[in-house]
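Take a look at the structure set out below.
The values are calculated or read from the model by the stated rules, or taken from the named source; none is laboratory data. On a predicted model such as this, the values are computed, not experimentally measured, just so you know. Every residue, glycine as well, gets a Cβ built from its backbone with ideal geometry; the counts of neighbours run over all protein chains shown. With ligands, DNA and RNA removed, areas are computed over all heavy atoms of the protein, side chains included. Shrake-Rupley method; radii C 1.70, N 1.55, O 1.52, S 1.80 Å.
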Amino acid sequence: MESAIPAIQLAIPALESAIPAMESAIPALYQMEYQLGVFISRSSVNFVQIKYIWVLSILQFANVALMLLQIFFKFLPSIWMIFGLVFYEGLLGGAAYVNTFFRISKEVKPEHREFSMGVTSVADTTGIALSAFISVRVHNYLCSI
């Protein structure tokens, strides 16, 4: 039954030769890699601060576009490249998150800081929830084509 295949697995090139007998573990490995990237980037704000946070959003969009192209055209020759892209996405997401709050803590006046962090937290959580709902439909669509 093809609709049971997670959409992220549609982007996997030559899975059977790369990691035999581990196909069902791939989504968990992707999640682990993504969270490792997030952990590393969120832990690095004391060493690297990014002033132009909007650039991270553009890079994330480019990553989504690349993965969508991979789903349709399967041009990446190795699953290890997909692993690298998932880790990179975690780095971007974590860096955007931590640098947003870092910038608020340094650039917003103290009397507005708590409100700014609260609004940012609500916006972040709302975006995550909306993307989760949308991803179900997108996943089902991608698996049906």
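Any idea how many residues of the range 51-99 are crowded, with 19+ Cβ neighbours inside 10 Å, of a type in the set (Val, Ile, Thr) and within 24 Å of residue 115 (Cβ to Cβ)?
1
From the list 134, 104, which one is without any contact (Cβ under 8 Å) to a residue 40 or more places away in the chain and open to solvent by 90 Å² or more (accessible area, probe 1.4 Å)?
Matching residue, one of 134, 104: 134.
Of the residues in the range 32-47, how many are touching a Leu at 6+ places or on another chain (Cβ under 7 Å) and under 15 Å from residue 60 (Cα atoms)?
Total satisfying the criteria: 2.
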